[in-house]
Every structure is written in structure tokens, then in C-alpha cells.
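Following: one structure in C-alpha cells, then a few remarks.
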Amino acid sequence: MKKILVLLALGSLALMAVDNAKAYQNCVMCHGKKGEKIALNSSPQLASLTQEKLRNSIGAIIDGTSKISKRYLSMHQTKLKDVSQREDETQAFSEYIFNLKQ
Ligand code: HEC
């Protein structure tokens with residue numbers, strides 16, 4: 001029984017990793033493979049943000065309280081539709097982006 005639980009836990013970890021990589025594919029063309037680009041001459045380099053800042057910015061985009069310009073807000077929300085509002089998912093996705101630069 002324990003073995004099955006461990007396998008299940010490992011399985012869901014693997015799934016999460018795949019999802020984050022897939023979700024970040026929606027960002028690469030503007031923010032770069034490692035978050036190194038300044039998107040459309042105006043974004044911060046995602047790679048330069050702290051993990052906390054990334055998590056808060058992404059969380060704010062998802063829940064609609066972000067201060068980024070309106071025309072970019074709904075575009076980001078669409079691109080982020082695979083990342084749910086759950087705090088742990090935002091956290092895991094931010095961690096994934098934060099670790100891209102290494
Ligand atoms: C079409 C180009 C484009 C795509 C695709 C895109 N972004 Fe952005 N992103 C921008 C621009 C431009 C800004 C700056 C917007 C502003 O400051 O008004 C920005 C800003 C941001 C910020 C900073 C927000 C803040 O609070 O200052 C984060 C974080 C971010 N993007 C994450 C993402 C993630 C994650 C994805 C993929 C799910 C993504 N972006 C997809 C262009 C893009």
C-alpha cells in the first residue's frame with residue numbers, strides 16, 4: 001500500500017513538472033527561453049525578478065489585480081489559463097520560471 005502511495009506521489013510530481021514546462025511555452029516567444037528577454041521593449045526580464053516577485057506578479061495577473069496595462073492583462077490571463085488560481089500551482093509555476101536561468 002505504501003509503495004502505491006509513493007508511486008502516486010511521484011507520478012503527480014512528474015505531471016506537475018510537465019505542466020509547468022508546457023505552460024511556459026506560452027511565454028517563450030516574448031520573455032525568452034530562460035526569461036532573459038525584455039518583452040515588447042517594456043516587460044521586466046523575468047530572470048531578474050526574485051521568486052517572490054514572480055509569484056506575486058503572476059498571482060496578480062491570474063486574479064486580475066495586476067497593475068500591468070489593460071491590453072496586456074487579458075492576453076496574459078489567456079496565456080496563463082493552464083495555471084489555476086490555486087496558490088500552490090502559482091508557486092510551482094513561479095519556481096519553474098525562477099529556476100530556468102540556472
Ligand atoms: C505577446 C508577448 C507576451 C507574452 C506571450 C507573455 N508576456 Fe508577459 N509581459 C509582456 C509585456 C509587454 C509585459 C509588460 C506589461 C506592462 O508592464 O504593462 C509583460 C509583463 C510580464 C510580467 C511582469 C508583470 C508585472 O507585475 O510587472 C510577468 C510576471 C509576465 N509578463 C509573465 C508572463 C508569463 C508567465 C507568460 C506566459 C504564461 C507571459 N508573460 C507571456 C509580454 C508578453
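None of the figures in this text is laboratory data; all of them are computed from the coordinates on show. From a predicted model like this one, the values you see are computed outputs, not experimental measurements. Quick reminder, even Gly has a Cβ in these numbers, built from the backbone with ideal geometry, and neighbours come from all protein chains shown.
Which residue pairs have Cβ atoms under 7 Å apart, sit 6 or more places apart or on different chains, and have a first residue in region 52-81 that is closer than 14 Å to F93 by Cβ and a second that is within 6 Å of the ligand (Cβ to nearest atom) and of a type in the set (S, T, N, Q)? Partner pairs satisfying both residue conditions: S57/S66; A60/S66; K79/N26.
Among the residues of region 42-51, those that are surrounded by fewer than 17 Cβ atoms within 10 Å (Cβ to Cβ) and more than 8 Å from the ligand (Cβ to nearest atom) comprise Q45, S48, T50, Q51. Filtering region 52-102 down to residues that are outside any helix (DSSP H, G or I) and loosely packed, with under 12 Cβ neighbours inside 10 Å, which residue is nearest to the ligand (Cβ to nearest atom)? Among them, the one singled out is S69. Among the conditions (1) near the ligand (Cβ under 8 Å from one of its atoms); (2) buried (at least 16 other Cβ atoms within 10 Å of the Cβ); (3) among the charged types (D, E, K, R), K37 misses just one, which is (1). Inspect all residues belonging to region 63-70 and state whether any of them is closer than 19 Å to K22 by Cβ and among the hydrophobic types (A, V, I, L, M, F, W, C). Checked against the condition, which is being closer than 19 Å to K22 by Cβ and among the hydrophobic types (A, V, I, L, M, F, W, C), region 63-70 yields no hits at all.
Taken over region 17-51, the criterion of being part of a helix (DSSP H, G or I) and either touching a strand residue (DSSP E or B) at 6+ places or on another chain (Cβ under 7 Å) or basic (K, R) (or both) is satisfied by K22 alone.
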